[in-house]
Each structure stands twice: as structure tokens, then as C-alpha cells.
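Enquirer: Handing you a structure now.
The values are calculated or read from the model by the stated rules, or taken from the named source; none is laboratory data. Bear in mind the structure is a predicted one, so any value in this text is a computation, not a measurement. Neighbour counts run over all protein chains shown; Cβ positions are idealised from the backbone, glycine included.
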Amino acid sequence: MSRVPLPYTQKVLDLFRNPKNLGKLEDANVISVAGNPACGDMITFYMKINDQSVIEKISFESYGCAANIATASIVTEMIKGLSVESAWKDVTWKKVTEEVGGLPSVKFHCGILAVGAVKRAIRKYYEQKGSAPSWLPKELTFEEKQALEEEELAEKLSKKLKAADEK
């Protein structure tokens with residue numbers, strides 16, 4: 001049985017081979033993880049947000065496919081230097097998909113996961129501060145919900161596999 005490679009754009013392949021802002025950020029003041037290694041896609045974002053609520057630095061670590069690494073990389077480029085509010089409001093999974101030149105439909109979840117992880121980091125930042133701005137919705141966004149669902153699905157799958165191994 002032969003496998004047909006996914007039709008990735010040149011930009012996705014370039015970002016996969018040479019990701020921007022890769023690695024742990026030692027002076028991060030907020031860290032967010034989304035995904036689950038059991039399902040194959042996981043992203044950790046490290047952010048340094050300054051006193052003016054600007055994303056001064058951002059980096060990531062990723063475990064996953066080319067689309068996962070490319071979308072995480074492009075998200076760091078898109079939001080570095082933005083206010084937290086602009087990053088929240090202006091960066092969507094559709095914009096991320098456009099920025100990488102498109103993704104195969106089976107890989108849209110990678111852009112959703114990347115944006116979900118960033119939004120979770122922003123939400124966590126305000127939780128740490130003890131107060132949320134009025135523009136931050138109380139309800140989870142679509143991307144946050146999707147990231148959470150992926151984690152829960154992977155956890156259920158992992159438990160089923162462990163149970164099957166024990167039989």
C-alpha cells in the first residue's frame with residue numbers, strides 16, 4: 001500500500017524545516033500547553049508579556065507533524081510585538097491557515113490547536129494577574145474548546161489502549 005504525501009505549500013515545508021522562535025523561553029511569564037502526545041500533536045507556547053500587556057517575546061516547542069510545527073511557528077511571528085488584546089482578537093485559525101499558504105483540510109486542526117494554545121496562554125496570564133479585562137470573554141472560544149476536546153479525546157484513547165494492553 002502506498003501513501004500519497006499531503007499537498008503542503010512551500011511555506012509550510014519551509015517553516016517545518018526552519019521554524020521561527022523554536023525552543024524554551026527562560027524568562028517567560030506564561031506557559032500554555034495544548035494537545036496530547038498520545039494523538040500526535042502537542043504545542044507548548046512560552047510568552048513574555050510586559051507591563052503594557054504587549055507580547056514582548058514568544059517561542060514554542062512542538063511535537064507533531066509539519067502542519068503543527070508550521071502553524072505554531074507562524075503564530076509566534078504573527079503575535080510577537082502585539083498587545084495581548086490584539087493577539088486575542090485578530091489571530092484566528094483561518095488567518096493562520098492563510099499565512100502558511102493554506103493547509104490540507106485534514107490538517108486544519110493544527111491551526112486551530114495553535115490558536116487555541118495562544119488563547120489559553122492569554123487567559124492564563126489574566127488568571128495569574130487575578131483580573132480579566134472586559135474584552136476577554138468568560139466563555140471559551142471555538143479554538144480553546146477544540147484544543148480541550150483534542151486533549152480529552154486523546155486521553156480517552158490512551159485509557160482505552162492501556163485497558164486493551166492489560167487484557
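Enquirer: Among the residues of the range 1-18 satisfying the criterion of being at pLDDT 90 or above and of a type in the set (A, V, I, L, M), which is surrounded by the most Cβ atoms within 10 Å (Cβ to Cβ)? Give the steps one after another, and end with the answer.
Expert: Within the range 1-18, the first condition is being at pLDDT 90 or above, and the residues that meet it are 8-18.
Narrowing further to those that are of a type in the set (A, V, I, L, M): 12-13, 15.
Details: VAL12: 27, LEU13: 14, LEU15: 24.
Across the range 1-18, the extreme among qualifying residues is VAL12.
Enquirer: Still on this structure: Here are some conditions: (1) within 13 Å of the chain's Cα centre (by Cα); (2) more than 18 Å from ARG120 (Cα to Cα); (3) at pLDDT below 95. ALA70 meets all but one. Which one does it not meet?
Expert: (3)
Enquirer: Still on this model: For the range 73-118, how many residues meet the condition of being basic (Lys, Arg), in a helix (DSSP H, G or I) and either at pLDDT 95 or above or surrounded by fewer than 20 Cβ atoms within 10 Å (Cβ to Cβ) (or both)?
Expert: 3
Enquirer: Right, something else. Mind checking which residues of the range 139-167 are crowded, with 16+ Cβ neighbours inside 10 Å and either under 13 Å from the mean Cα position of the chain (by Cα) or hydroxyl-bearing (Ser, Thr, Tyr) (or both)? Before the answer, list the steps.
Expert: Going through the range 139-167, the residues crowded, with 16+ Cβ neighbours inside 10 Å turn out to be 141, 143-144, 146-147, 150-151, 154.
Those that are crowded, with 16+ Cβ neighbours inside 10 Å and either under 13 Å from the mean Cα position of the chain (by Cα) or hydroxyl-bearing (Ser, Thr, Tyr) (or both): THR141, GLU143, GLU144, GLN146, ALA147, GLU150, GLU151.
Enquirer: Is the range 119-133 home to any residue that is surrounded by 19 or more Cβ atoms within 10 Å (Cβ to Cβ), modelled with pLDDT of 85 or more and among the β-branched types (Val, Ile, Thr)?
Expert: yes
Enquirer: I'm told TYR63 meets every condition in (1) among the aromatic types (Phe, Trp, Tyr); (2) within 25 Å of GLU26 (Cβ to Cβ); (3) modelled with pLDDT of 90 or more except one. Can you identify the failing condition by its number?
Expert: Condition not satisfied by TYR63: (3).
Enquirer: Restricting to the range 63-72, name every residue that is hydroxyl-bearing (Ser, Thr, Tyr) and either surrounded by 22 or more Cβ atoms within 10 Å (Cβ to Cβ) or within 18 Å of LEU136 (Cβ to Cβ) (or both).
Expert: THR71
Enquirer: Continuing with the same structure: List the number of the failed condition for LEU25; all other conditions in (1) under 15 Å from the mean Cα position of the chain (by Cα); (2) in a loop (DSSP other than H, G, I, E, B) hold.
Expert: LEU25 satisfies all of (1) under 15 Å from the mean Cα position of the chain (by Cα); (2) in a loop (DSSP other than H, G, I, E, B) except (1).
Enquirer: Then there is this: Condition (residue is in contact (Cβ under 8 Å) with a residue 12 or more places away in the chain and in a helix (DSSP H, G or I)) applied to the range 45-63: is it met by at least one residue?
Expert: no
Enquirer: Looking at the range 129-138, is at least one residue of a type in the set (Phe, Trp, Tyr) and within 16 Å of the chain's Cα centre (by Cα)?
Expert: Filtering the range 129-138 for residues of a type in the set (Phe, Trp, Tyr) gives 135.
With within 16 Å of the chain's Cα centre (by Cα) added as a condition, the list becomes none.
Within the range 129-138, none of the residues are of a type in the set (Phe, Trp, Tyr) and within 16 Å of the chain's Cα centre (by Cα).
Enquirer: Considering only residues that are of a type in the set (Lys, Arg) and surrounded by 22 or more Cβ atoms within 10 Å (Cβ to Cβ), which ones fall in the range 19-62?
Expert: Step one: of the range 19-62, the residues of a type in the set (Lys, Arg) are 20, 24, 48, 57.
If the condition is that a residue be of a type in the set (Lys, Arg) and surrounded by 22 or more Cβ atoms within 10 Å (Cβ to Cβ), then no residue fits.
Enquirer: I'd like to check something: does the range 115-130 contain any residue that is more than 21 Å from SER59 (Cβ to Cβ), of a type outside the set (Lys, Arg), in contact with a Lys or Arg (Cβ under 9 Å, 6 or more places away or on another chain) and without any contact (Cβ under 8 Å) to a residue 12 or more places away in the chain?
Expert: no
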